[in-house]
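Engineer: Before anything else, here's the structure in question.
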Amino acid sequence: MDAEAQENFRRFVANRSSALLKTAVLLSGGDRHAGEDLLQNALIKAAGRWQRIDEPEAYVRQILYRQQIGRWRLKWPRRELTVAEPPEHGSSADATAGAELRLLVRDALARLTPRQRAVLVLRYFEDLPEGEVARVLGCSVGTVRSTTHRSLARLRTLAPELGALAPAMGRTATQHPRLEVQQ
């Protein structure tokens, strides 16, 4: 990699690593350390092909998704769940409700299967259309639809308190911008 390409890569990492880390953490079930590992491995792979990449962010995100899919297929999946430090509580009730909702969503996502988690992250966090999710995950649009439906149903079962907490925030569960729970 020449000096110009190295500088472009450094700028990309400096500008986009925060957003990419959020996606990686969600894909890894809320485990920040696993998300950091996932992102680091994706950036290493991208660095090796940096001069041939047209859309760097899309390419890195594709690596993230595919690496996470590869982790699903491991013969001995990781069975432990690490928990990050609890967030600091703000003085306002809205901030507390928002933090509670984020923790509930994170914990509920961590209890879904990796495939269900990836579909929900791609559809609702990344806001990708069904066709794009199908392309990224290498499956059909029908599979994305059915997995989304089953994932949301399982999410409602695993965390019924999500439906109770959302109205306290002034919205119904189906109106939440990052979590579309259909009833």
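Engineer: So V133 fits all but one of (1) of a type in the set (A, V, I, L, M, F, W, C); (2) open to solvent by less than 20 Å² (accessible area, probe 1.4 Å); (3) at pLDDT below 65; what number is the exception?
Structural biologist: Failing condition for V133: (3).
Engineer: Which of the following residues is surrounded by 16 or more Cβ atoms within 10 Å (Cβ to Cβ), modelled with pLDDT of 80 or more, within 21 Å of the chain's Cα centre (by Cα) and within 27 Å of L158 (Cα to Cα): L39, L101, L43, L21?
Structural biologist: L21
Engineer: Determine the pairs where a residue that is without any contact (Cβ under 8 Å) to a residue 24 or more places away in the chain, located within region 5-33, has a partner that is part of a helix (DSSP H, G or I) and surrounded by 13 or more Cβ atoms within 10 Å (Cβ to Cβ) with Cβ atoms under 7 Å apart, the partner being 6 or more residues away or on another chain.
Structural biologist: L21/G35; L21/E36; L21/L39; V25/R32; V25/G35
Engineer: Now for a different question. All but one of (1) free of Cβ contacts under 8 Å to residues at least 12 places away in the same chain; (2) part of a helix (DSSP H, G or I); (3) out of contact with any Gly (no Cβ under 9 Å at 6 or more places or on another chain) hold for L38; which doesn't?
Structural biologist: Result: L38 fails condition (1) only.
Yes or no, residue by residue, for (1) aliphatic (A, V, I, L, M); (2) more than 13 Å from the chain's Cα centre (by Cα):
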{"site": "L109", "(1), (2)": "yes, no"}
{"site": "R117", "(1), (2)": "no, no"}
{"site": "V121", "(1), (2)": "yes, no"}
{"site": "L128", "(1), (2)": "yes, no"}
{"site": "L137", "(1), (2)": "yes, yes"}
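Engineer: Same structure, new question: Return yes or no: is R145 touching a residue at least 40 places away in the same chain (Cβ under 8 Å), surrounded by fewer than 20 Cβ atoms within 10 Å (Cβ to Cβ) and assigned to a helix (DSSP H, G or I)?
Structural biologist: no
Engineer: With the condition kept exactly as written, say whether any residue in region 154-172 is at pLDDT 85 or above, assigned to a loop (DSSP other than H, G, I, E, B) and among the aliphatic types (A, V, I, L, M).
Structural biologist: No, there is no match, as no residue in region 154-172 is at pLDDT 85 or above, assigned to a loop (DSSP other than H, G, I, E, B) and among the aliphatic types (A, V, I, L, M).
Engineer: Of the conditions (1) modelled with pLDDT under 90; (2) touching an Asp or Glu at 6+ places or on another chain (Cβ under 9 Å), F12 satisfies every one except a single condition; which number is it?
Structural biologist: Evaluating F12 over (1) modelled with pLDDT under 90; (2) touching an Asp or Glu at 6+ places or on another chain (Cβ under 9 Å) leaves (1) as the failure.
The values are calculated or read from the model by the stated rules, or taken from the named source; none is laboratory data. What you see is a predicted model; the values in this text were computed from it and never measured. Note that we place each Cβ from the backbone using ideal geometry, even for glycine, and neighbour counts take in every protein chain shown. Side chains included, ligands, DNA and RNA excluded: accessible areas come from the protein's heavy atoms. Shrake-Rupley method; radii C 1.70, N 1.55, O 1.52, S 1.80 Å.
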